[in-house]
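Down below is the structure, laid out as structure tokens.
The values are calculated or read from the model by the stated rules, or taken from the named source; none is laboratory data. Fair warning: this is a prediction, and the values are worked out from it, not measured in the lab. Cβ: placed from backbone, ideal geometry, glycine included. Neighbour counts: every protein chain shown.
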Amino acid sequence: MRQIFLQFFGILGVAAIAALMAKQFSTIPVEKEPICDPAKLKSGEICLATIQEIGISEVIWVDARSQDDWRKNGIRGSYWLSHEKFDVSLAEIAPRLIEGKPVVVYCNAIGCNTSIEIAERIKNYQLAKEVHALHGGWKTLLHAGLVKGNAEP
């Protein structure tokens, strides 16, 4: 009888270890929501929480990612600008920019400086009173449920 209990608990132990190892190796890492600390923002950046206080629909969104990504999963109602076709695209959206709403530019994620560069270029034309780059970019919008798509656009 004692041998049966030892075998039972031995098998149970091996099964528990196997289950823990399977869980460890099968877990797909989930990307964390980008954290935005207003005190640590780069010059020209803005947190999504600040935009939400203004109102998501009260800003003009500019997507600085590839045109394909913008078409596939950009924020609804956004405009697309790139370095390559900047002047042409800017001329197309200029009437909207002069309406006076804050402009928020986003690229892929934290560390993507394209949004900051595009925001600076818009500022240089002085078409909008307020222009910011979204800290965390498209991934922040994804985590907030404002866009749909893959975690890696």
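Below, the figures for the structure above:
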| item | result |
| --- | --- |
| Gly111 vs. criteria assigned to a loop (DSSP other than H, G, I, E, B) and free of Cβ contacts under 8 Å to residues at least 12 places away in the same chain | yes |
| Residue count for region 120-151, restricted to those that are in contact with a helix residue (DSSP H, G or I) (Cβ under 8 Å, 6 or more places away or on another chain), within 26 Å of Ile98 (Cα to Cα) and not in a loop (DSSP other than H, G, I, E, B) | 10 |
| Answer residue from region 53-80, given it is of a type in the set (A, V, I, L, M) and closer than 17 Å to Asn108 by Cβ and is surrounded by the most Cβ atoms within 10 Å (Cβ to Cβ) among those | Val62 |
| Helices (runs of 4 or more DSSP H) (entirely within region 40-97) containing at least 3 residues that are among the aliphatic types (A, V, I, L, M) and either within 16 Å of the chain's Cα centre (by Cα) or outside the structural domain of His135 (by TED's automatic domain parsing) (or both) | 48-54 |
| Search result, residues across region 81-121 that are hydrophobic (A, V, I, L, M, F, W, C) and either under 12 Å from Val59 (Cβ atoms) or exposed (fewer than 14 other Cβ atoms within 10 Å of the Cβ) (or both) | Val88, Ala91, Ala94, Leu97, Ile98, Val103, Val104, Val105 |
| Yes/no for Arg96 being over 17 Å from Gly137 (Cα atoms), among the basic types (Lys, Arg) and modelled with pLDDT under 90 | no |
| Near pairs, Cβ below 7 angstrom, 6+ apart or cross-chain, from region 79-108 (closer than 12 Å to Arg65 by Cβ) to any residue that is of a type in the set (Lys, Arg) and in a loop (DSSP other than H, G, I, E, B) | Cys107/Arg65; Asn108/Arg65 |
| Pairs where the first residue, in region 30-44, is of a type in the set (Lys, Arg) and the second is at pLDDT 65 or above, C-beta under 8 Å, 6+ apart | Lys42/Ile116; Lys42/Ala133; Lys42/His135 |
